[in-house]
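See structure below.
The values are calculated or read from the model by the stated rules, or taken from the named source; none is laboratory data. Remember, it's a predicted structure, so these values are computed and weren't measured experimentally. Note: ideal-geometry Cβ built from the backbone for every residue, glycine included; neighbour counts use all protein chains shown. To get the accessible areas, we keep the full protein, side chains included, count just its heavy atoms, and leave off ligands, DNA and RNA. Shrake-Rupley method; radii C 1.70, N 1.55, O 1.52, S 1.80 Å.
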Amino acid sequence: MYDCIIVGAGPAGASAAYHLAKRDRSVLLLEKESLPRYKPCGGGVSPQVAEWFDFDFGPAISLKVNTLRYTWNMDDPVVAQLENLEPIWMVRRDVFDHFLVKKAQEQGAMLKDRTAVSGIEWRGNGWRVNTAQGPFLGTYLIAADGAKGFMAKWLGFGDRKRKLGGALEAEARQPIADAQTIHFEFGMVKNGYIWNFPKADGYSIGIGTFRGGEAQDFKRILTEYSKLFNVDFATTEQHGHPLCLWDGDQTLHTQNALLAGEAACVVDPMTAEGIRPSIFTGVKAAEAIHAALSGDLDALEGYTHTIQQEWGQEMIWAKRLANAFYAAPSLGYRLGIKRPSATERMGQILCGKLGYRDVANRAIQRLSAGLIPGM
């Protein structure tokens, strides 16, 4: 009987495993894929996550980037540097996720990869987790199996609040022209944006939409955009994947179990940032289960409250800003992104130095004034 079984070895699951094992709790981490495994993701990580761990992430970071470049229909560029802030990390998810898993193993967590979960059963004093390799027993359970996982449904979270977005990403392994610049394009896609995140060995070029709406030809758009970087999109490795965007507070705990990561629908609805909130939920899930194992009967409910207060309250403002910006992106580009302070503010948000609530209200007022003649 493990103290905790964690399903999913992404940033949320691995972070929870690390912090529980470090507290001398017995942890089993189950992952359906063979590690290290590819994960479609731009791979931008806020340096804030370093504050939640006691080791150096250097071996898992491909590049550190301090310049952002924006375009509208591949023109009208805005280039800005992140002044007085830690550079944003560029990572390959196979390297980054496996690095976190190995750190958890060093603390004593057990890993079983290539082990898909086929079902779960509550046994009165803990969970039986069924797999093709046999059942495993755990007092507590963390569901961190991502946007496409089944754990949330099996645990009874059938009607989660979430807004589903979609993304297509291409991996171009080739020499890069500029290792210090992240690229964002806003004019070519509706209700989202295009990104190009450099890595030491190539580019991660992707496109995402976060508000639904009419279908768009992602491949055609990315084929055209990729030419800016001498990338032949047709010959790149391509991956499509869903995004579980935050769409309101919800309960994230049930009988001896928690949801974490994208299973908890915590992806930022403005930027689609997912790694930092996933790690945050993993850290907080570990704290809650450690407290529950120590006798705190309200610890799991406290986890839901913590995520709602410390992440959900920020996402209320992120959602409002996203609704205003993506409703009129050309206006948002002109009145928002082209303002000299815009990149600095967004950098401060990504690095955890500012919250959306600190800047969103004024930005929304500016956008509203631009939409209403005479204001």
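So the values come out like this:
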| quantity | calculated |
| --- | --- |
| Subset tally (residues that are open to solvent by 50 Å² or more (accessible area, probe 1.4 Å) and within 30 Å of VAL79 (Cβ to Cβ)) for the stretch 23-55 | 2 |
| Filter result for ALA286 (in contact (Cβ under 8 Å) with a residue 60 or more places away in the chain and either open to solvent by 20 Å² or more (accessible area, probe 1.4 Å) or not in a helix (DSSP H, G or I) (or both)) | no |
| Residues within the stretch 74-90 that are over 21 Å from ILE207 (Cβ atoms), out of contact with any Ser or Thr (no Cβ under 8 Å at 6 or more places or on another chain) and open to solvent by less than 100 Å² (accessible area, probe 1.4 Å), tallied | 2 |
| Within the stretch 115-132, tally of residues that are open to solvent by 70 Å² or more (accessible area, probe 1.4 Å) and either within 15 Å of GLY149 (Cβ to Cβ) or part of a loop (DSSP other than H, G, I, E, B) (or both) | 4 |
| Selection status of ARG334, open to solvent by 40 Å² or more (accessible area, probe 1.4 Å), assigned to a helix (DSSP H, G or I) and within 30 Å of ASP76 (Cα to Cα) | yes |
| Verdict on GLY138 being out of contact with any Lys or Arg (no Cβ under 8 Å at 6 or more places or on another chain), within 23 Å of ALA14 (Cα to Cα) and part of a strand (DSSP E or B) | yes |
| Where ILE307 falls short, out of the listed (1) free of Cβ contacts under 8 Å to residues at least 60 places away in the same chain; (2) surrounded by fewer than 24 Cβ atoms within 10 Å (Cβ to Cβ) | (2) |
| Scope the stretch 226-246; condition part of a loop (DSSP other than H, G, I, E, B) and crowded, with 16+ Cβ neighbours inside 10 Å; matching residues | VAL231, THR236, TRP246 |
| Subset of the stretch 185-217 that is of a type in the set (Lys, Arg) and either open to solvent by 50 Å² or more (accessible area, probe 1.4 Å) or modelled with pLDDT under 95 (or both) - its residue that is nearest to GLU273 (Cα to Cα) | ARG211 |
| Lone unmet requirement of (1) open to solvent by 30 Å² or more (accessible area, probe 1.4 Å); (2) within 19 Å of the chain's Cα centre (by Cα); (3) under 16 Å from HIS183 (Cα atoms) for THR223 | (2) |
| Answer residue from the stretch 337-362, given it is open to solvent by less than 50 Å² (accessible area, probe 1.4 Å) and farther than 24 Å from THR181 by Cβ and is modelled with the lowest pLDDT among those | ALA360 |
| Residues within the stretch 8-24 that are at positive phi and out of contact with any strand residue (DSSP E or B) (no Cβ under 8 Å at 6 or more places or on another chain), tallied | 1 |
| Meets criteria (open to solvent by 40 Å² or more (accessible area, probe 1.4 Å) and within 28 Å of SER26 (Cβ to Cβ)) for LEU293 | yes |
| Hits in the stretch 146-164 (condition: touching a residue at least 60 places away in the same chain (Cβ under 8 Å) and either under 20 Å from ALA9 (Cα atoms) or in a loop (DSSP other than H, G, I, E, B) (or both)) | GLY146, ALA147, LYS148, GLY149, MET151, ALA152, LEU155, GLY156, PHE157, ARG160, LYS161, ARG162 |
